[in-house]
Amino acid sequence: MTPESETILVTGACGQIGSELVPVLRKLYGAEKVIASDVVPPSPALENSGPFEKLDVTNRQEIGQLIHKHRVKAVYHLAAILSATGEKFPQKAWEVNINGLYNILEASRELGVRQVFCPSSIAVFGPATPRVNTPQDTVLSPTTIYGVTKVAGEHLCDYYVRKYNLDVRGCRFPGIISNETLPGGGTTDYAVAIFYEAILNRRYTCFLRPETRLPMMYMPDCLKSIIELMAADFSRLRHHSNFNLTAMSFSAADLAAEIKKHLPDFEVEYRPDFRQAIADSWPESIDDSAAREEWGWKPDYDLAAMTADMLRVLREKQRQGKLKYP
Ligand code: SER
């Protein structure tokens, strides 16, 4: 748990998770204590709610200066390139995901940061991993550069725990579904786009096949997991940077059918692209019993509850003329 007096730095604060985590952290710890940072300019909402600093995580010096200037004690390191963008720009994915993480860990070690959160992903798994109820400790042989960076990242984080007693924590997020900021460049992004298209056009062309089943989670559960994992008693943790985590699993067709219960004239067409191969290399369901046992993980939203809430929130935004897509 971050004591009230400590300053928190969030990297990637303008991204899908960051844009919703920052307000939660500001509410918990005070707006001035949470420094939002990103390489891109902030939204007015983010900029007006507390301090913002421009930060490129591949620049070690910038990170050091920021941590020093604000006497940062906890870092939520969310800046990363996701799976689909990674396949288009593998070198950039390595640069941001590996060198960026290394810079954060090194600066944290040198400047006395107490706690670091770094998300991992179901992308650490690959075709050789058991696909159903994927175990916590299993084969990690990803076929995407994103997965390669996440496996290396998990090991690097755990190394800093062992070698330097730096308190680094993280979980392997499944696809995250949210209604505030669109995800960028992931393979699970279809499960967000489908809601916007359903509301705006009643039609969606899906880039995965209908039977493609993947683990997923609604944003309120994602935020809850970050806060709870960071607050967990360190001495109870046997894992640190690599907790399996899930809330639900569904196929593209399952999600379309659930949305159709609310919008009966909604139609989906399936035109798989290069992201199909990525999805096919990932698990369809996850065993997250280690997270449940070690820090009490328990999700609140299943497919039906998530779908109903997504549609409620997005329709409300539409009524207010605030539904922005893409
Ligand atoms: N949502 C991510 C992606 O699709 C998985 O971590 O890349």
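The values are calculated or read from the model by the stated rules, or taken from the named source; none is laboratory data. Please read all numbers here as calculations on a predicted model, not as lab measurements. Ligands, DNA and RNA are excluded from the accessible area calculation, which covers all protein heavy atoms including side chains. Shrake-Rupley method; radii C 1.70, N 1.55, O 1.52, S 1.80 Å.
With all protein chains kept in place, the per residue accessible area of the chain amounts to 42 square angstrom at a probe of 1.4 angstrom.
Taking every DSSP beta bridge with both residues inside the chain, roughly what % is antiparallel (nearest 5)? Bridges in the chain that DSSP calls antiparallel: roughly 10 percent. Sorted into 5 angstrom bins from 0, the C-alpha pair distances of region 39-158 split as 2, 11, 19, 20, 17, 15, 9, 5, 3, 0 percent. In the context of the full protein assembly, MET248 retains an accessible surface of approximately 20 Å², using a probe radius of 1.4 Å and ignoring ligands and nucleic acids. For region 236-295, the carbon plus sulfur part of the accessible surface works out to 46%, probe radius 1.4 Å. Report, to the nearest 10°, how far helix 303-319 tilts away from the longest principal axis of the Cα atoms in the chain, using its own Cα long axis and a range of 0 to 90°. Computed tilt is about 90 degrees.
Using only alpha-carbon positions in the chain, the gyration tensor eigenvalues give semi-axes of 31, 23, 18 Å once each is multiplied by 5 and square-rooted (largest first). Taking the alpha-carbon centroid of each part, what is the distance from region 13-28 to region 214-262 in angstrom? The distance from the Cα centre of region 13-28 to that of region 214-262 comes to 17 Å. Calculated over region 217-316, the projected area of the Cα convex hull averaged across directions stands at 8.0 nm².
Ligands, DNA and RNA left out, the 1.4 Å accessible surface of region 1-141 is 55% carbon and sulfur atoms.
To the nearest ten degrees, helix 100-111 and the longest principal axis of the Cα atoms of the chain are 30 degrees apart.
Here region 33-56 and region 124-164 have alpha carbon centers that stand 30 Å from each other. Ordered from highest to lowest accessible area with the whole protein assembly present and a 1.4 Å probe, ARG238, ARG213, ARG292 read as ARG238, ARG292, ARG213. Between helix 18-29 and the chain there is an angle of about 50 degrees, using the helix long axis and the longest principal axis of the Cα atoms.
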